[in-house]
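Bear in mind that the values in this text are calculations on the coordinates, not laboratory data. Bear in mind that the values here come from a model prediction, so they are computed numbers and not experimental data. Cβ: placed from backbone, ideal geometry, glycine included. Neighbour counts: every protein chain shown.
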């Protein structure tokens, strides 16, 4: 055993929901030096809540910080309740700390760690996958462990939980958005480790040894038993997390091969086939048409349009570098569908993204359409950025009219009956 260490940074686990984050947290939390409590969702709304550093102002510290923690809910309870940390304990902790977002989070995680006598804490929240840059900004030395799982198995699993999306395709579209926003960070960040759920369940000791080396900890055989550690990770007693406290089951790998139809398998590869290949998962379908969707996550709210595009001949990703799409489309109301975002920096980035497409597509002879452009009486809530989008994308078409047309031939780039509004 290595000597006892002090001052080591905490550990963050992230991954798309139903990808094995709970299992990984249970395995690591079974280590004698590590503990992982329930999900905090801390970074999900931090940027909005702390705009102008308002959580850390001297005049309202620490009450505003405590209020933020008690505003976050998970499984119908506040996060401090899940951690069994009272408001008085949080206030006392924060009064002794320098004002910072790290102190706010640690009023939960550090208090929990000390209570259970472990030297190092782990935080596991799947949706922090969308906020890894914020995690890194506040914890520059903390190791981040991302866990991946075949998105087809993820989509099936998402359909079995009460908060899941309405369809298999919707789950895949949501997965695609998470991956698109997190993959560049994970590839570039030197202190982020990625492992696959499939490798973990087939060779748990080998993968845990690799993770422990990354974390600077010794592997312990007792890590294989999650029956006790899962009670910390799943304090909310969510039934879909219970399996993480049982013996590792390799039968959870490749469920999609048994439980999906050929049409669903084609849908999966049409949506995320490029990412399946990048992460080493098998693919078998070929698609003659490439259609670029600027905001693909919104397609889940337009099932008829998604079905029309996912007709077995269309994919949403380029098969080779520099491949030109048959058309580029933008879908729905950017505010109502939430694509434009609520944060100023995010909104500007999305506007620049659309602006770049609006310039490139016509120059390359690629039709650029706005499908589902909202009528005038639904655009009253629009701000400057949404109105700018409307000017950038002047060619519009009703979704029902678009879906009534036959699919574009594989070699066609023409679009007829384009309406302007």
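What is the Cα centroid distance between the stretch 1-70 and the stretch 388-404, reported in whole angstrom?
Cα centroid of the stretch 1-70 versus Cα centroid of the stretch 388-404: 42 Å apart.
Dimensions of the chain along principal axes (Cα, Å, largest first)?
Projected onto the principal axes, the Cα atoms of the chain cover 70, 53, 36 Å.
Compute the FRET efficiency between residue 71 and residue 102 as 1/(1 + (r/R0)^6), taking r as their Cβ-Cβ distance and R0 = 22 Å, and round to the nearest 0.05. Don't jump to the answer; show the numbers that get you there.
Details: r = 18 Å, r/R0 = 0.83.
So, using R0 = 22 Å, E works out to roughly 0.75.
What FRET efficiency comes out for the pair residue 51/residue 400, r = Cβ-Cβ distance, R0 = 35 Å, nearest 0.05?
Numbers: r = 40 Å, r/R0 = 1.15.
The pair residue 51/residue 400 has a calculated efficiency of 0.30.
FRET efficiency for residue 390 and residue 202, Cβ-Cβ distance as r, R0 = 45 Å, nearest 0.05? Mind dumping the intermediate values first?
On the way: r = 51 Å, r/R0 = 1.13.
Once rounded, the FRET efficiency stands at 0.35.
Residue 259 versus residue 214, label points 7 Å from Cα toward the beta carbon: distance in nm?
Going by the 7 Å Cα→Cβ label model, 2.6 nm.
Have a look at 196, 344, 120 and tell me which one the Gaussian network model of the chain (Cα, springs below 10 Å) gives the largest fluctuation.
For the chain, modelled as a Gaussian network with Cα springs under 10 Å, the answer is 344.
Give the distance, in whole Å, between the Cα centre of the stretch 333-377 and the Cα centre of the stretch 279-324.
Rounded to whole Å, the Cα centres lie 18 Å apart.
What residue among 99, 345, 149 shows peak mean-square fluctuation when the chain is described by a Gaussian network model with Cα springs under 10 Å?
345
Could you tell me the center-to-center distance, by alpha carbons, between the stretch 173-225 and the stretch 120-153 in angstrom?
That distance is 10 Å.
I'd like the orientation of helix 262-278 relative to the chain: the angle between its Cα long axis and the longest Cα principal axis, in ° from 0 to 90, rounded to 10.
For helix 262-278, the angle is close to 70 degrees.
Between residue 348 and residue 225, what is the label-point separation in nm under the 7 Å Cα-to-beta-carbon projection?
Going from the residue 225 label point to the residue 348 one covers 5.5 nm.
Order by neighbour count: 220, 323, fewest other Cβ atoms within 10 Å first, most last.
Details: 220 15, 323 10.
With the sparsest Cβ surroundings first, the list reads 323, 220.
Helix 168-188: angle to the longest alpha-carbon principal axis of the chain, degrees 0 to 90, nearest 10?
The angle comes out at about 60 degrees.
For helix 101-115, what angle does its Cα long axis make with the longest principal axis of the chain, in degrees from 0 to 90 and rounded to 10?
50
Provide the convex hull volume over Cα atoms per residue for the stretch 286-420, in Å³.
It comes to 111 Å³ per residue, whole-number rounded.
How much of the DSSP bridge set in the stretch 286-420 is antiparallel, in percent, rounded to the nearest 5? Write out the running numbers ahead of the final one.
Working: 2 of 13 bridges.
Close to 15 percent.
Quick one: of the DSSP bridges fully inside the chain, what percent are antiparallel, nearest 5? Mind dumping the intermediate values first?
Working: 4 of 29 bridges.
Beta bridges within the chain, antiparallel portion: roughly 15 percent.
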